[in-house]
Amino acid sequence: MNPHCCLKALVLNNCQLGLAGVLQIIQALSENDSLEELNVAGNADLDRHCVRTKGSCCCSRGSCIMNTDYNQLEVADSEDDPITAEPAASNDDNCTNSCKRMLQFSESEFIQGLSTAIGMAKKLQLLDLSNNGFSTQDTETIYTAWSLGSRSGLAQRHIKEQTVHLLVRGQKCCGVKPCCKRD
């Protein structure tokens with residue numbers, strides 16, 4: 001294989017991949033020997049967050065769905081009188097709390113999987129995960145995974161608000177200036 005014929009940078013910013021898609025890409029590229037830079041900023045989607053609409057609550061990676069539109073349901077073997085069902089507990093707050101509990105569990109599993117994949121992507125020298133809704137704790141976990149193994153002693157980061165740049169010494173993030181610090 002010609003060493004000049006390889007993919008060194010992949011930019012997939014704002015491609016609506018969702019965080020599951022970001023994880024799958026990093027996992028798939030973990031054994032790639034030529035990719036040095038991966039940009040997957042702005043790919044978080046709404047299925048990562050609890051979305052509350054009238055009578056329903058949806059969560060990512062789970063089935064926390066409560067639909068209270070049962071008013072016109074008819075029992076299947078009833079031909080004469082329509083019988084309506086009472087909606088199941090229609091308290092939106094209970095649904096939201098349930099969604100949040102499921103989301104926290106799923107998020108921690110997701111962050112662990114992402115951290116593992118990042119740790120396995122040993123050839124990456126720059127990773128942009130900005131604007132994907134990661135918490136401070138999430139970014140610390142991800143950075144720890146980034147800084148282990150082949151990047152030990154070389155790892156740097158630029159993490160501020162929703163900017164999440166992980167790189168190795170000698171690389172520049174934010175385009176032109178070396179704004180990342182070594183820990």
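A few remarks follow.
- For region 46-56, the condition holds for no residue, the condition being that it is of a type in the set (G, A, S), modelled with pLDDT under 90, at negative phi and in a loop (DSSP other than H, G, I, E, B).
- Scanning region 126-166 for residues that are touching an Asp or Glu at 6+ places or on another chain (Cβ under 9 Å) and of a type in the set (A, V, I, L, M, F, W, C) gives L126, L127, A155, I159, V164, L166.
- Taken over region 19-33, the criterion of being touching a residue at least 60 places away in the same chain (Cβ under 8 Å) and of a type outside the set (A, V, I, L, M, F, W, C) is satisfied by Q27, S30, E31, N32, D33.
- When region 21-40 is limited to residues that are modelled with pLDDT of 90 or more and surrounded by fewer than 16 Cβ atoms within 10 Å (Cβ to Cβ), the one that is nearest to the chain's Cα centre (by Cα) turns out to be G21.
- Matching residues in region 11-43 - criterion: being part of a strand (DSSP E or B) and either in contact with a helix residue (DSSP H, G or I) (Cβ under 8 Å, 6 or more places away or on another chain) or of a type in the set (S, T, Y) (or both): L38
Here's the yes/no breakdown for (1) out of contact with any strand residue (DSSP E or B) (no Cβ under 6 Å at 6 or more places or on another chain); (2) within 20 Å of L12 (Cα to Cα):
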| residue | (1), (2) |
| --- | --- |
| A117 | yes, yes |
| K122 | yes, yes |
| T139 | no, yes |
| W146 | no, yes |
| Q156 | no, no |
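The values are calculated or read from the model by the stated rules, or taken from the named source; none is laboratory data. A quick note: this is a predicted structure, and the numbers were derived from the prediction, not measured. Note: ideal-geometry Cβ built from the backbone for every residue, glycine included; neighbour counts use all protein chains shown.
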